[in-house]
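The values are calculated or read from the model by the stated rules, or taken from the named source; none is laboratory data. No experiment lies behind these values; they were computed from the predicted model shown. Note that each Cβ is placed from the backbone with ideal geometry, even for glycine, and that neighbours are counted across all protein chains shown. Quick note on the areas: whole protein, heavy atoms, side chains included, nothing else; ligands and nucleic acids left out. Shrake-Rupley method; radii C 1.70, N 1.55, O 1.52, S 1.80 Å.
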Amino acid sequence: MQQWTSLLSELNVGAIYLDEALARHTTWKIGGPADALIIPETREQLQELIKLLHQHEIPWMQMGRGSNMLVSDKGIRGAVIKLGGDLEYADFQEDVVTAGGGCSFVKLSIMAGKRGLTGLEFAAGIPGSVGGAVYMNAGAHGSDVSRIFKSAEIVLNTGEMVSYAAEDMTFAYRHSILHERKGIVVEATFELNHGVRTEIAAAMACNKDRRRRTQPLQLPCAGSVFRNPPGDHAARLIEAANLKGYGVGGAEVSVQHANFIVNTGQATAEDVLTLIHEIQAKIFAEQGISLEPEVFVVGER
Ligand code: FAD
C-alpha cells in the first residue's frame, strides 16, 4: 500500500504537518511528534479525511486546544486531527449560539457576554475549544456545558455525520457519551438567556480575577490534573499530603493550586507521569483515596 501520508497529500483534507511536535499544540508545552497532524477547515474536508483513515485502518485521535491532554514523549502514531479555519465560527440567533468545534470556548463566552447573553460566564477561563468542552462537559463556578447544551453535529469514525440532542450525551461530571463512542464534535448549539450586559461582564471579571489569584496561569499547565473524588477536593487532599512544591524533573505541584502540575521549563511527559503516580501512591497510602486523572494521557509509551 502507498504510504498513507502520501495518500493524504493527494486529497483535499486541509493542512498536513508530518512529524509535528505536539508540544507546540498543548498548554503544558509537552508532547512528542504526531506522525501527521491534520487541520481540516471544512466539514467536507473532515469527512473525506475520516473516510480515508477508516478505509485504510489508520489510527486517529482528535485534539482541540490541548488544554486537558498529556501527550507522551514518543508522541502519537497515526493521525491527529485538529479543527481549524471555517470550523472555528460562532453564529448567534437571538439567544441561541451555534459554534464550530474548533471555536475557542473563551472567545465564545466573551462574544455571548458582549451580546448581553447569559449562561456562558463560567467558560471565561476555560482555555479549550468548543469540541473539547463538549467532550469533557467542561465546567466551573457551579455550571457546566450540560446546563446550556442543546445539540451537536458529530462525525463518527465512518465519516457519517449524526446529530446528538442533550439526552443523547449522557453528561456527567467531566464526562459525555463521547468518552465511549468515538466521534468529532463539528459544531455545537447552546441555549443562552437574555441578561444584563454589565452584570454578565462583572461576573466574568470576578471569575477571571479568582482564577488569577488561585491558579498558576503564568506557567504551562493543563488545569486540574485529578478529578475531585466524591464529596472532596483533589487539591485539598494533595495539600494535606504536603505535596505543594514537590517536583520530579521539570514537573512540579503548583504552590498556588495543589491540583495543578506546572511545567517549570523542561518537563517531559515522563516527569509529569512519574509525579502523577507518586501523588496517587501517597494519597492512597495516607488517606485511602484513589485519585483518578482528569487529564487524558495519550500517545506511545
Ligand atoms: P483537548 O485537551 O485538546 O482534548 C481533551 C479531550 O477532548 C480529548 O480526549 C480530545 O480527544 C477531546 N476533543 C477535543 N476536541 C474534540 C472535538 N472537536 N470533538 C470530540 N472530542 C474532542 N476544565 C474545566 O472543565 N474547568 C475549568 O475550570 C478548567 N480550567 C482550566 C484552566 C487552565 C489554566 C487550563 C490549562 C485548563 C483548564 N481546564 C478546565 C481543562 C481544559 O481547558 C478543558 O477540559 C477543555 O474543555 C479541554 O478542551 P480542549 O479543546 O483543549 O481539549
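So the values come out like this:
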{"quantity": "Extreme residue, farthest from the ligand (Cβ to nearest atom), among residues of the range 77-100 that are aliphatic (A, V, I, L, M) and open to solvent by 10 Å² or more (accessible area, probe 1.4 Å)", "calculated": "VAL96"}
{"quantity": "Within the range 158-177, tally of residues that are touching a strand residue (DSSP E or B) at 6+ places or on another chain (Cβ under 7 Å) and either touching a residue at least 40 places away in the same chain (Cβ under 8 Å) or open to solvent by 50 Å² or more (accessible area, probe 1.4 Å) (or both)", "calculated": "2"}
{"quantity": "Residue count, the range 279-293 (criterion: acidic (Asp, Glu) and surrounded by 16 or more Cβ atoms within 10 Å (Cβ to Cβ))", "calculated": "0"}
{"quantity": "PRO33 vs. criteria in contact with a strand residue (DSSP E or B) (Cβ under 8 Å, 6 or more places away or on another chain), of a type outside the set (S, T, N, Q) and closer than 27 Å to GLN218 by Cα", "calculated": "yes"}
{"quantity": "Residue count, the range 141-164 (criterion: under 28 Å from GLN55 (Cα atoms) and not polar (S, T, N, Q))", "calculated": "10"}
{"quantity": "Where a residue in the range 99-119 is within 24 Å of ILE184 (Cβ to Cβ) and free of Cβ contacts under 8 Å to residues at least 60 places away in the same chain and its partner, wherever it lies, is more than 10 Å from the ligand (Cβ to nearest atom) and among the acidic types (Asp, Glu), with Cβ under 8 Å and at least six apart", "calculated": "GLY102/GLU88; CYS103/GLU88; SER104/GLU88"}
{"quantity": "Given (1) without any contact (Cβ under 8 Å) to a residue 12 or more places away in the chain; (2) more than 30 Å from SER254 (Cβ to Cβ), index of the condition ARG24 fails", "calculated": "(2)"}
{"quantity": "Residue within the range 185-206 that is under 30 Å from GLU44 (Cα atoms), modelled with pLDDT of 95 or more and open to solvent by 40 Å² or more (accessible area, probe 1.4 Å) present", "calculated": "yes"}
{"quantity": "Meets criteria (more than 12 Å from the ligand (Cβ to nearest atom) and of a type in the set (A, V, I, L, M, F, W, C)) for ILE148", "calculated": "yes"}
{"quantity": "VAL106 vs. criteria outside any strand (DSSP E or B) and either among the charged types (D, E, K, R) or within 17 Å of the chain's Cα centre (by Cα) (or both)", "calculated": "yes"}
{"quantity": "Looking only at the range 42-76, and only at residues there that are among the charged types (D, E, K, R) and under 19 Å from LEU22 (Cβ atoms), the one that is nearest to the ligand (Cβ to nearest atom)", "calculated": "ARG65"}
{"quantity": "In the range 114-123, residue nearest to the ligand (Cβ to nearest atom) [restricted to those that are surrounded by fewer than 23 Cβ atoms within 10 Å (Cβ to Cβ) and outside any loop (DSSP other than H, G, I, E, B)]", "calculated": "PHE122"}
{"quantity": "Matching entry among VAL255, VAL225 (being within 16 Å of the ligand (Cβ to nearest atom) and open to solvent by 90 Å² or more (accessible area, probe 1.4 Å))", "calculated": "VAL255"}
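Listed here are the residues, each with its yes/no results for (1) in a helix (DSSP H, G or I); (2) in contact with a Ser or Thr (Cβ under 8 Å, 6 or more places away or on another chain); (3) open to solvent by 10 Å² or more (accessible area, probe 1.4 Å).
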{"site": "GLY102", "(1), (2), (3)": "no, yes, no"}
{"site": "MET111", "(1), (2), (3)": "yes, no, yes"}
{"site": "GLY132", "(1), (2), (3)": "yes, yes, yes"}
{"site": "TYR135", "(1), (2), (3)": "yes, yes, yes"}
{"site": "LYS150", "(1), (2), (3)": "no, yes, yes"}
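To keep it simple, each residue is scored yes or no on (1) more than 20 Å from the chain's Cα centre (by Cα); (2) modelled with pLDDT under 95; (3) open to solvent by less than 60 Å² (accessible area, probe 1.4 Å).
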{"position": "THR214", "(1), (2), (3)": "yes, no, yes"}
{"position": "GLN218", "(1), (2), (3)": "no, no, no"}
{"position": "ALA234", "(1), (2), (3)": "no, no, yes"}
{"position": "GLU239", "(1), (2), (3)": "yes, no, no"}
{"position": "LYS244", "(1), (2), (3)": "yes, no, no"}
{"position": "GLY265", "(1), (2), (3)": "yes, no, yes"}
